[in-house]
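Asks: Below: one structure in structure tokens.
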Amino acid sequence: MNKIFETPLYPYSHGPDEDAQVPVRHQVVIVGAGPVGLAAAIDLAQHDVDVVIVDDNDKVSFGSRAICFAKRPLEILDRLGCGQPMVDKGVEWDLGKVFFDEREVYSFDLLPEDGHQRPAFINLQQYYLEEYLVARVRELQAEGKKIEIRGRNKVSAIGTHPDHVALEIDTPEGSYNIEADWLIACDGANSTLRAMLGKDFVGRVFEDNFLIADVVMDADFPTERWFWFDPPFNRGQSALLHKQPDGVWRIDLQLGWDIDKEREKRPENVIPRLKEMLGDDVEFELEWVSIYTFQCRRMEQFRHDRVIFAGDSAHQVSPFGARGANSGLQDSDNLCWKLKLVMDGKAPESLLDSYDNERIHGAEENILNSSRSTDFITPKSEISRLFRDSVLNLAEAYEFARPLVNAGRLSVPCTYDGSPLNSSDALAGPNRTRPGSPCPDVELPGGYLLPRLGDRFTLLTIDADAPDLIEEDGITVERLALSVKDDPTLLLKDRYLGDCESAVYLIRPDQHVAARRPAYDDLQFRAAIRRATGKE
């Protein structure tokens, strides 16, 4: 068993808030020290916000849980100071294969186009990500930032008020009360805060169960994602095999609906299933076993006055497609810059409504893709099964059928089409960088584009004149001037200009495009800044 599961990273210690005569008020309290809660806390602390994270645990998550991290979340983690350790430790992969029975019928290549700093995907156990995030919290504390993790601190009651949220916290030494100007709920799919507020999910629960087993073994399987439909070792069901660091492999086995979950998790029942899949001659050890049910659900609203939900506490999708943690990190990335502007009085509180608008859009997109994957993987009628099996048979020989194979559409970054923060598109440029889109990376002389954009509003000019600095209603926007003359690969032109001769982009702090035009127009871009901060 990996000792990291057993080591407290943020053990309980008695703090001054517990002895205060009146509840101490904090700017932001985050409930949940998983990846999303930690990421949000780091993001806010880097912008000098006082943050307290409370969690009823004191160590990293048990088991791998999330293991696939896509390029976009890795780029977000770069801005939080954790991207490089992830890539250094993770297993990079780009090839996936789909099998029907024992035949390979389809493969796909996720290798990103040239000019990106980060790979398409890495596999890495969630507990490593949490360890790196906690280490980053410690670095920020050493720098004097006001960020704190309180382990063995469990929220037992919540009270909402027009200007703050009140919390009662249970600890090993008793209970105490604190207040928060804002509360971010990142306490997972079984969120106690959601229950305390009387909120619930809407959506679908699919009638199927999957066994997850993380096994430690010395195997010579390639670093690829293998997915089976109706394999000989799990007839009538499906299976998945993925490699992780440290000789750990993730195996998912479909079990069906009417099962005894506790019985199926026992080693004496799990090990024979794995031997049938891997062969009797493969030696392995069980590191973690769990059973999950496909669920594609979300809250109707993520923001409830001064309580804001993010990650699994706000939405759930089936694991195939790696949409859980990847989507949750995009939640925090979307939220934190907006909350900072509101707290500083530089944007109206209504700006936070755009978090609901944009991230519900992202959740709906994930739920749609995840539901379609689930319906293909686990057909619920004979007609659906005939369709799926026909597609798989055709995919082996005919290219036209391969896009119909759905073994889990993998996570892609969300484009916020229709966002109230977008200005109308005034550039006949590439569709991939239209307003609402995340900025694609480009390799430039001396480095990459995304690190130069940073986590602030930026005016990106490409062969266009503009002021070096714009001050608009309390918002400072700095210019980043580039030219295709300094782009020997022409990737900058391909991704941001297309057939246009010049372009000016307004980029948000989360590196999504807010506006773009062929040239700088002062009135138009000042209006775009106001719109992107919820003032128009």
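The values are calculated or read from the model by the stated rules, or taken from the named source; none is laboratory data. This is a predicted model, so every value here is computed, not measured. Glycine also receives a Cβ, built like all others from the backbone with ideal geometry; neighbour counts cover every protein chain displayed.
Asks: For the stretch 414-473, give me each residue that is surrounded by fewer than 17 Cβ atoms within 10 Å (Cβ to Cβ) and either in contact with a Cys (Cβ under 8 Å, 6 or more places away or on another chain) or in a strand (DSSP E or B) (or both).
Replies: If the condition is that a residue be surrounded by fewer than 17 Cβ atoms within 10 Å (Cβ to Cβ) and either in contact with a Cys (Cβ under 8 Å, 6 or more places away or on another chain) or in a strand (DSSP E or B) (or both), then 428, 447, 469, 471 are the ones that fit.
Asks: While we're looking at this one, here's another question. Determine whether residue 331 is more than 22 Å from the chain's Cα centre (by Cα), assigned to a helix (DSSP H, G or I) and under 24 Å from residue 78 (Cα atoms).
Replies: Numbers: more than 22 Å from the chain's Cα centre (by Cα): no; assigned to a helix (DSSP H, G or I): yes; under 24 Å from residue 78 (Cα atoms): yes.
For residue 331, the condition - more than 22 Å from the chain's Cα centre (by Cα), assigned to a helix (DSSP H, G or I) and under 24 Å from residue 78 (Cα atoms) - is not met.
Asks: For the stretch 56-106, how many residues are touching a helix residue (DSSP H, G or I) at 6+ places or on another chain (Cβ under 9 Å) and free of Cβ contacts under 8 Å to residues at least 40 places away in the same chain?
Replies: Selection size over the stretch 56-106: 3.
Asks: Assess whether residue 347 counts as being crowded, with 21+ Cβ neighbours inside 10 Å and either among the acidic types (Asp, Glu) or assigned by TED's automatic domain parsing to the domain that holds residue 334 (or both).
Replies: So residue 347 fits the description; yes.
Asks: If you take the residues in the stretch 485-499 that are surrounded by fewer than 19 Cβ atoms within 10 Å (Cβ to Cβ) and modelled with pLDDT of 95 or more, which one is nearest to residue 454 (Cα to Cα)?
Replies: Step one: of the stretch 485-499, the residues surrounded by fewer than 19 Cβ atoms within 10 Å (Cβ to Cβ) are 485-486, 488-490, 494, 498-499.
Checking the rest, the ones that are also modelled with pLDDT of 95 or more come to 494, 498-499.
Numbers: 494: 22, 498: 24, 499: 27 Å.
Filtering the stretch 485-499 for residues that are surrounded by fewer than 19 Cβ atoms within 10 Å (Cβ to Cβ) and modelled with pLDDT of 95 or more, the one nearest to residue 454 (Cα to Cα) comes out as 494.
Asks: Would you mind finding the one in 260, 280 that is modelled with pLDDT of 90 or more, out of contact with any strand residue (DSSP E or B) (no Cβ under 9 Å at 6 or more places or on another chain) and more than 11 Å from residue 211 (Cα to Cα)? Can you show your working first?
Replies: Numbers: 280 fails: modelled with pLDDT of 90 or more.
Just one listed residue meets the conditions, 260.
Asks: Moving on to the next point. Considering only the stretch 281-322, state which residues are in a loop (DSSP other than H, G, I, E, B) and outside the structural domain of residue 40 (by TED's automatic domain parsing). Don't jump to the end; show me each part of the working.
Replies: Pass one, the stretch 281-322, residues in a loop (DSSP other than H, G, I, E, B): 281-283, 300-302, 305-306, 310, 314, 317-322.
Those that are in a loop (DSSP other than H, G, I, E, B) and outside the structural domain of residue 40 (by TED's automatic domain parsing): 281, 282, 283.
Asks: Answer with yes or no whether residue 145 is under 30 Å from residue 491 (Cβ atoms), of a type in the set (D, E, K, R) and modelled with pLDDT of 95 or more.
Replies: Numbers: under 30 Å from residue 491 (Cβ atoms): no; of a type in the set (D, E, K, R): yes; modelled with pLDDT of 95 or more: yes.
No.
Condition check ((1) within 18 Å of residue 12 (Cα to Cα); (2) in a strand (DSSP E or B)) across all residues:
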{"position": "149", "(1), (2)": "yes, yes"}
{"position": "155", "(1), (2)": "yes, yes"}
{"position": "159", "(1), (2)": "no, yes"}
{"position": "178", "(1), (2)": "yes, yes"}
{"position": "190", "(1), (2)": "no, no"}
{"position": "193", "(1), (2)": "no, no"}
{"position": "208", "(1), (2)": "no, yes"}
{"position": "214", "(1), (2)": "no, yes"}
{"position": "223", "(1), (2)": "no, no"}
